[in-house]
Amino acid sequence: MTICLTGSALTAADVLHVAREGASVDLSDAAVQQIDRASSFVTQIVEHGTPVYGINTGFGSLCNVPINRGDLSRLQENLVVSHAVGVGPFFAEDEARAAMLVRANTLASGHSGIRLEVERLLLSLLNEHVYPLIPTQGSLGASGDLAPLASLALVLIGKGQAQVHGQVLQGQDILQAIGQTAVTLGAKEGLALINGTAVMTGVAALVFADAEHLLHLANVAAALTIEALGARLEPFDPRIASLRAHPGQESVAAEVLACLDHSRLTGTCDDVQDAYSIRCVPQVHGAIADTLTFVGSVLASELNAVTDNPLLFPDDGDVLSGGNFHGEPVALAMDYLGIALAELASISERRTNRLLNPALSRGLPAFLTRNAGLNSGLMIAQYTQAALVSENKVLAHPASVDSIPVSADQEDHVSMGTIAARKARSIADNVENVLAIELLAACQAIGIEGSEGSLGTATGEVFAAIRQVVPPMDGDRMYIDDINAVRTLIRTKAI
């Protein structure tokens, strides 16, 4: 697959194809024309000599310092090397690839002013599977992702670090390994490469895709738990959802019912009502579904946004300085998504508790093990869920409510959007493990009851897939191997 960039049509699905599936990237004819037109406009500005921020002036609070024409290339290189001061562990390869793709799409719109050769070199990194080592910490989310994007830009000028075909290389060796040479940055090009929201948006697109999958898995896990406990289906009746009219609630109720189609295990308990963690799945999971809808709409805009500064309008002959680099839209969306995902784990842990606790599990053995006492069963697996849920509560504290002025108070309000995106990804990773444990427990409960032949069509398929990698638990063993096996099924979308 090849993704053709236009600057205005990138989707979250495209990000997945490139970041995780290795799809190649090219430029549309329109993008080539847009890039050339903007680059020519920068050349005209330089030749005219009128002070324009980011082209022939200093940066940040030094914006009123004029720069001689002979120093413009050095100005841009100085910008990149001085801003590459991020610290901490590196972004994962899929995150780095996502950031490169989003940045390349922004540059393709023709409002940033880089030359075509710089854009093509950036695409070469993607197509040759060069993985720039970009520290995760240091971005304030305005002016965009300066520190991490500067670490990416270092590779283009023959500096920095990157992994090439599994080997970590430095400086010029990176580009030589793929038959390319470093570029000498021209006017505006360093700023165009590092000023924008590409990192937070790239990470956000990956988290969003994972979150969509996790929501569906949570619906399946809830369905299996319903069967294991013989829970009632009245709460999923579409007439209830219609009286509240939240789209997410309606879709979740319908999906759970679809998972349970042909099940002979539901409604077999004697209780008139089930606990909230089961009865309110449409309301809780549904609100999370609506959150995903909102986040998806934000990403649809941001993936095709031009987020550097200043912005060039060659057809109008204007250069406008604004604040499109400010990551507030992504920051708020990622904080919202992190909170939603934390709730997905929280309610899953409560359902798991009902499977393990003999006071609540409707006749199932304590901790889903025979000969309890000699065997602990899944007792401590639920501890792990509880620890992850508690950690999520800390991670769900919104990053976007914080701001620290920088650059001598010129940049006096920032978004912390990249922190929000990183936290959301950590929460999503935790949710995977929480759901893996619920799925494991539900399948064990169904196996103990010997009722796998009475499962719904969809839940039966999931049960069979899990049984392929996790045999029934007849006594204590290394349950972590089972958890990891189910998590692999989740991560590879095998269920």
Q: Spot the failing condition for N64; the list is (1) touching a Pro at 6+ places or on another chain (Cβ under 9 Å); (2) of a type outside the set (V, I, T); (3) exposed (fewer than 15 other Cβ atoms within 10 Å of the Cβ); (4) assigned to a helix (DSSP H, G or I), and only one is missed.
A: (4)
Q: With the condition kept exactly as written, say whether any residue in region 348-356 is surrounded by fewer than 21 Cβ atoms within 10 Å (Cβ to Cβ) and within 24 Å of A442 (Cβ to Cβ).
A: yes
Q | Pair list, Cβ under 7 Å, 6 or more apart: region 73-100 residue on the phi < 0 side of the Ramachandran plot and touching a residue at least 60 places away in the same chain (Cβ under 8 Å), other residue part of a helix (DSSP H, G or I) and among the hydroxyl-bearing types (S, T, Y) | A | A84/S151; G86/S151
**Q.** Cross-chain or 6+ apart pairs with Cβ under 7 Å, region 121-138 first and within 12 Å of A99 (Cα to Cα) and in the same structural domain as L107 (by TED's automatic domain parsing), then among the polar types (S, T, N, Q) and assigned to a helix (DSSP H, G or I)
**A.** P132/S151; I134/S151
Q) at pLDDT 95 or above, farther than 18 Å from L10 by Cβ and hydrophobic (A, V, I, L, M, F, W, C), is that true of L121? A) yes
Q: Quickly run through region 23-36 and pick out the residues that are surrounded by 15 or more Cβ atoms within 10 Å (Cβ to Cβ) and either assigned to a helix (DSSP H, G or I) or in the same structural domain as D315 (by TED's automatic domain parsing) (or both).
A: A30, A31, V32, Q34, I35
Q | Breaking point among (1) aliphatic (A, V, I, L, M); (2) touching a residue at least 24 places away in the same chain (Cβ under 8 Å); (3) not assigned by TED's automatic domain parsing to the domain that holds A333, for A209 | A | (3)
Q: Could you tell me whether any residue of region 114-130 is in a loop (DSSP other than H, G, I, E, B) and among the hydrophobic types (A, V, I, L, M, F, W, C)?
A: yes
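The values are calculated or read from the model by the stated rules, or taken from the named source; none is laboratory data. These numbers come from a predicted model, not from an experiment. Ideal geometry is used to build each Cβ from the backbone, glycine not excepted, and the neighbour counts take in all protein chains shown.
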